[in-house]
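Here's the structure, in structure tokens; my notes come after.
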Amino acid sequence: MNSKMNERELLNLLLSLLSRTTPHGQERTLAPLLPAGGGWDEADNYIIEIGNSTTLFACHLDTVCAERVKTKPCLRDGMIYSAKQRCPLGADDKAGILCLTAMIHANIPGVYVFHAGEECGGVGANYIAELYNLDQFKRAVEFDRRGINSVITKMGWEVTCSDTFAHALCGQLGMGFFPDPTGVYTDVLSYTDTIPEVTNISVGYYANHTAKEALNAA
């Protein structure tokens, strides 16, 4: 059984994840930082399965930047910024990678999908939606939303999960989470034709896709 990661280990992993941007096509460079026991598919998605579960957990590996560069993350007043503002910090979605990694180390059952190419239109998710059988899943939960307390119920014009599901999930999460209908595209939108309950959860970043991107590390 995997052991839980302590706060220091999580922070060190997060800073390592954030140390370089990861443009699409470079997802496998993150392999040394990802949990062991998974496998890569031909679209560069990394997938780990724990137990028998009807839940798909997701994040994405790529970040917004034209090339792989050092970001020099720095921690100040509980927030992480890039000291080198050539590209966004990459908290979108390195924060999501951290969430899935912590859950895997806590041995929480689920199928964990670290997607490739979300920032390029969902390359990895579209590959999975076309070629994988997703019928086993009752819910898909992505960790890729700005802020600290959103449980997304709509992405664009599309309703992605029921109010009943959203309120139940908010109750389990606590910490002021609320159903939020203002979502935008993320990977799991590609799965709504098959999976009945699909949502995206806040992971603490702000001003994503800009040089002022920051991550709440509190």
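Among the residues of segment 184-218, the one identified as part of a strand (DSSP E or B), more than 14 Å from the chain's Cα centre (by Cα) and hydroxyl-bearing (S, T, Y) is Y206. Among the residues of segment 127-180, just one is farther than 20 Å from T54 by Cβ, of a type in the set (V, I, T) and out of contact with any strand residue (DSSP E or B) (no Cβ under 6 Å at 6 or more places or on another chain), namely V159. The set of residues from segment 117-126 being surrounded by 15 or more Cβ atoms within 10 Å (Cβ to Cβ) and either touching a strand residue (DSSP E or B) at 6+ places or on another chain (Cβ under 9 Å) or closer than 11 Å to Y185 by Cβ (or both) comprises G117, E118, E119, G122, V123, G124, A125. Criterion applied to D180, D163, D187, D135 was being touching a Ser or Thr at 6+ places or on another chain (Cβ under 9 Å) and within 24 Å of A102 (Cβ to Cβ), and the one residue passing it is D180. For segment 1-58, a residue qualifies if it is within 13 Å of Y112 (Cβ to Cβ) and polar (S, T, N, Q), and the qualifying residues are N2, N45, S53, T55.
Summed over segment 54-103, residues that are at pLDDT below 95 and acidic (D, E) total 2. Among residues of segment 127-147 being farther than 14 Å from E197 by Cα and of a type in the set (A, V, I, L, M), the one that is surrounded by the fewest Cβ atoms within 10 Å (Cβ to Cβ) is L131.
For segment 1-53, the set of residues classified as of a type in the set (K, R) and either in contact with a helix residue (DSSP H, G or I) (Cβ under 9 Å, 6 or more places away or on another chain) or modelled with pLDDT of 95 or more (or both) consists of K4, R20, R28, listed by residue number.
Filtered by the rule that a residue be surrounded by fewer than 17 Cβ atoms within 10 Å (Cβ to Cβ), among the hydrophobic types (A, V, I, L, M, F, W, C) and within 24 Å of I195 (Cβ to Cβ), segment 21-46 gives a lone residue, W40. From the list L134, L169, the lone residue that is of a type in the set (A, V, I, L, M) and closer than 22 Å to I47 by Cβ is L134. The set of residues from segment 175-218 being hydroxyl-bearing (S, T, Y) and either surrounded by fewer than 22 Cβ atoms within 10 Å (Cβ to Cβ) or closer than 29 Å to E130 by Cα (or both) comprises T182, Y185, T186, S190, Y191, T192, T194, T199, S202, Y206, T210.
Determine whether segment 92-105 contains at least one residue that is farther than 20 Å from L10 by Cα, among the aliphatic types (A, V, I, L, M) and in a helix (DSSP H, G or I). Scanning segment 92-105 turns up no residue that is farther than 20 Å from L10 by Cα, among the aliphatic types (A, V, I, L, M) and in a helix (DSSP H, G or I).
The values are calculated or read from the model by the stated rules, or taken from the named source; none is laboratory data. Treat the numbers as computed from the prediction; the structure is a model and nothing was measured. Heads up, the Cβs are rebuilt from the backbone with ideal geometry, glycines too, and the neighbour counts pull from every protein chain shown.
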